[in-house]
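Contents: one structure, followed by commentary.
Since every read-out is calculated from the coordinates, none of them should be taken as a lab result. Please read all numbers here as calculations on a predicted model, not as lab measurements. All Cβ positions, even for glycine, are placed from backbone atoms using ideal geometry, and neighbour counts span all protein chains on display.
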Amino acid sequence: MMNIQLNRDQEFIEEFNSRIENEGSFSSWQLFRMSYRSAVATTTPEFKGLTAPKRLPHVTFLQHQLECAQQVVEEMNGRGILADEVGLGKTIEAGLILKEYMIRGLVKKALILVPASLVNQWVNELSQKFYIPALSQRRRPVWDQQNIVVTSIDTAKRPPHRDIILEQEYDFVLIDEAHKLKNHKTKNYEFVRSLKKKYCLLLTATPVQNKLIDIFNLVSILKPGHLGNYEEFTKQFGKDRNNLFNDAHLKQLIQKVMVRNRREDTGIDWTKRNVETVWIDFTDDEQQTYEELTRISTESPNFSSITYTRELCSSREACYLSIKKLLNQDREIANRLDYENLMKQIEQLPHHAKALKIIELIKDTDEKFIIFTEYRATQLYLQWYLQQHGISSVPFRGGFKRGKKDWMRQLFQDKVQVLIATEAGGEGINLQFCNNMINYDLPWNPMRLEQRIGRIHRYGQEYDVNIYNFAIKNTMEEHVMNLLYEKIKLFERVVGNLDAILSELEIGDVEKEIETIFKESSTDGEVKIKLENLSSVISYAQEQQAEEA
Amino acid sequence: MALENLHDFLTDYFTANQCDIIENYNGKLSIQLTDKMDELLMNRPFYWQYVKTLGYPGEPMKVSFITNPNRRDEEGEWVHFGSPRLHQIFNTLISQGKFTKIFERVTTELRTPLVPWLVLNIRISYTGKHKKDEIKSMGLQLINGAMITQIMDELEVLSLQSSIPDFCYTITPLIRLKSGYQRIIQYIENYLQDIDHTWAQESWHHLEEEQKLLEHFYENVNDDHPDLISRKDQELIDLKNRFKPQINIEVVNGGIFYLSHASSIRIINEHLQ
């Protein structure tokens, strides 16, 4: 026989022999026979194929999820990047893979690292959908036992946990939202890289977010050397992100370690997505204040001046607080007087035009709504303002503790009509029981918008989804809406390949791009032209890609 | 699959564990648990600890299991092939049914010898890039050394019991248990020599490929970076753990079976054909 390690069972015969000699107890024929039968029933007689779905008759898996799990187990040997678009069920795919390995007896000890806000959700899904008894790591450490632990990377890398965890030998490690690991100089990256692990899954919807080297770093966690070493990689493929798509060789290599399904590939009948731009006019007072703020900002632009203008489009409170913070600084500030006057002006403003619009939109319906805003001050304001109109709501944001997030989600599902979320709250949480979303402020990054929409427009959503995008006329919002979002037809199609296009165009951060346009343009006309250029480039790339497909 | 009928399996399990069946109809099984089975299955150690400390008689639970998927919304616990309850039961069986000593039921008024067999159900696991298992049910006649595979199928058709039947006596094995065990393991190893191991070859090949990639990855790292060197060493170990082909031989359960001459001869003859 070729070089195969053979492990024999020494214990059985010793124990049996001593039972015979000492007249020990023996099982009945019935129990003996049943024990044999259950062993046969739990045996997996084939190397290939998935056995997990047969054990999970209460879950209907989608074709692409089954194929993904099979591909990772059979071809990638348990190490891969799961990079489906948002809402296609990366968690389900990961659960299937973990379950398959557990059934086959290959995984007993696993570490699942997810954002703190998602720990409970993961634990619940694993136990309810997959019958995997996962533990969430709380006060009492359970690192050194044989089990499936779900925790956040921030907890795991903190002493005293860190050292204990790094000593463990994990059969399986999973990192959710793995794009946060792309920088190899970070502690998180080093930590994950140092874990002793057999199988490893990285989950991210945006594997190719920024620089080409990001993908090198992610792949190096799974399969060091697969993309060559650092020097070669940069030499061969350069730093040009285009190469990820242009270079057939690189593309092929990546496909060996990454599964990526797009909505249109799944062949599922998705519910419709109705997108409506809701145009809002500032009152004269508001408009005047806006113009004044723009004037001040243009005269002596500072680091945050663009932010103040954006904030004014969101709420008086957001803008007011930021400017107050600026003025509270003990240093010389150009236009201090102008700002001080402006604050007085803001104090006099009526309720925000957008807030009025919200009331108009939801006061006569019982349907649930999610409102997304970029600013916390706006979130607080809206919650108060809705309450004044007898509309119940709960806040939701990234900083909430796990338990609070779960509680808020549950309240929203069972009791209250509106959930008001800030950006960081958008990650990972599933809210498909709601089918209305108001984007109170538009993020300047289309991918973030897709993330938001993905919270409700995902598998499991039974109704058509209504998205309302608020934009105020005659402000920067009008430009962004008309010149960026409308033009690249973001709302009409599921974003899908937009991230690829942005990468191809080397637009790493659309938000920064737009910010720069606003900052560095001296006139409104210039802003328009630059924005138009930006969106032309994007839509041109879209068309080209559509033709190729 | 050994569990064509999950419902019968559950019924047999609780009957074998001395539980009373209250209802058994159309895929629904209601059972009065015994103290022992309640402790084993219902996961309420504090209750039993409390009861025992106070010296009260415990009140074991009644439970209903539903195996007919069409009735799964009714009161009771839906049990299917993947449900945690079934696997909990499987787990209890691992220890409950591990060792046995069994006699064939023989009705006779003459002194009748019973022939000893060593029966071992063995799980062979092949682990490399992927994993599969195989179960061999081995029987060794402990007088003449005849060895047969799939003996469980033969035993199924016999009447078996835990105590020695009247007028019967057992023949003392000529082959000691431990050497019987060795013979069976040797047989398994010979079997392993003969079968195809492409899977292991592929795993070795894959391991070597990935090792090469890893070496290459760290090519330019020198001794000035002990942290990188130790990371590389760990990654090499991880690779071996993941790909190195190995075979595990594990005894699922086993025992000594005393069979009548007639049965012994029939089993051996059938096997020879």
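Based only on other Cβ atoms within 10 Å, what is the fewest-to-most ordering of A:L203, A:L356?
A:L356, A:L203
Ranking A:H179, A:H352 by Cβ neighbours within 10 Å, fewest first, what do you get?
Going from least to most buried by this count: A:H179, A:H352.
What FRET efficiency, computed as 1/(1 + (r/R0)^6) with R0 = 60 Å and r the Cβ-Cβ distance, is obtained for B:T53 and A:S536, rounded to the nearest 0.05?
After rounding, the FRET efficiency stands at 0.15.
Based on the Kirkwood radius over alpha-carbon pairs, what value in µm²/s does the Stokes-Einstein equation return for the translational diffusion coefficient of the protein assembly as shown at 25 °C and 0.890 mPa s?
78
Determine the distance separating the Cα centre of region A:133-181 from the Cα centre of region B:228-251; give it in Å without decimals.
Region A:133-181 and region B:228-251 have Cα centres separated by 21 Å.
Can you compute the modelled spin-label distance between B:H261 and B:E4, with each label point 7 Å from Cα toward Cβ, in nm?
Those two pseudo-labels are separated by 3.6 nm.
What is the magnitude of the charge dipole of the protein assembly as shown about its Cα centre, with +1 placed on the Cβ of each Lys and Arg, -1 on the Cβ of each Asp and Glu, and no other charges, expressed in debye to the nearest 20?
Dipole magnitude for the protein assembly as shown comes out near 2040 debye.
Around B:L228, under 12 Å between beta carbons, what's the net of Lys plus Arg minus Asp minus Glu among the other residues?
Net of charged neighbours comes to -4.
Show the residues, 5+ positions off or on another chain, whose built amide H is closer than 5 Å to the amide H of A:K196.
Long-range HN contacts for A:K196: A:Y170.
Relative contact order of chain A: what whole-number percent is it, with Cα pairs under 8 angstrom and at least 6 residues apart?
Contact order relative to length: 14 percent.
Residues in region B:159-176, backbone N under 18 Å from the label point at B:E109 (7 Å along the Cα-to-beta-carbon vector): list them, ranges by number please.
B:165-169
Output wanted: per-residue J couplings in Hz (rounded whole) for region A:458-473, from phi through Karplus 6.51 cos²θ - 1.76 cosθ + 1.60, θ = phi - 60°, x for Gly and Pro.
9, 4, x, 6, 9, 10, 5, 9, 10, 10, 10, 9, 7, 8, 9, 5
Give a residue-ordered list of calculated ³J(HN,Hα) values for region A:163-170 (Karplus: 6.51 cos²θ - 1.76 cosθ + 1.60, θ = phi - 60°; whole Hz; x for Gly, Pro).
Per residue, the Karplus-derived 3J(HN,Hα) values read 5, 5, 4, 5, 7, 6, 9, 8 Hz.
Below 8 Å, C-alpha to C-alpha, sequence gap of six or more: please give me the relative contact order for region B:6-96 in percent.
24
Return the sequence-ordered ³J(HN,Hα) values of region A:216-225 in whole Hz as given by the Karplus equation 6.51 cos²θ - 1.76 cosθ + 1.60 applied to θ = phi - 60°, using x for Gly and Pro.
4, 5, 5, 5, 5, 5, 7, 8, x, x
Measuring from the lowest to the highest alpha carbon on each principal axis, how far does region B:133-268 reach, largest first, in angstroms?
Projected onto the principal axes, the Cα atoms of region B:133-268 cover 82, 27, 24 Å.
Using a Gaussian network model of chain B whose springs link C-alpha atoms within less than 10 Å, name the residue from B:T112, B:T11, B:T149 with the highest mean-square fluctuation.
With Cα springs under 10 Å in chain B, the top fluctuation among B:T112, B:T11, B:T149 is at B:T11.
If we count every other residue with Cβ under 15 angstrom of A:G390's Cβ, Lys/Arg +1 and Asp/Glu -1, where does the sum land?
Around A:G390, the surrounding residues sum to -1.
Can you give the helix-only mean residue ellipticity at 222 nm for chain A, where every DSSP H stretch with n ≥ 4 adds -39500 (n - 2.57) and the sum goes over all residues, rounded to the nearest 500 deg cm²/dmol?
-14000 deg cm²/dmol
What is the order of A:Y468, A:Y375, fewest Cβ neighbours within 10 Å to most?
Sorted ascending by nearby Cβ count, the order is A:Y468, A:Y375.
Using alpha-carbon pairs under 8 Å, 6+ residues apart, how would you state the relative contact order of region A:153-225 in percent?
About 34 percent, as a whole number.
Can you give the calculated 222 nm mean residue ellipticity of chain B, where each DSSP H run of n ≥ 4 adds -39,500 (n - 2.57) and the sum is split over every residue, rounded to the nearest 500 deg cm²/dmol?
It lands at -13500 deg cm²/dmol.
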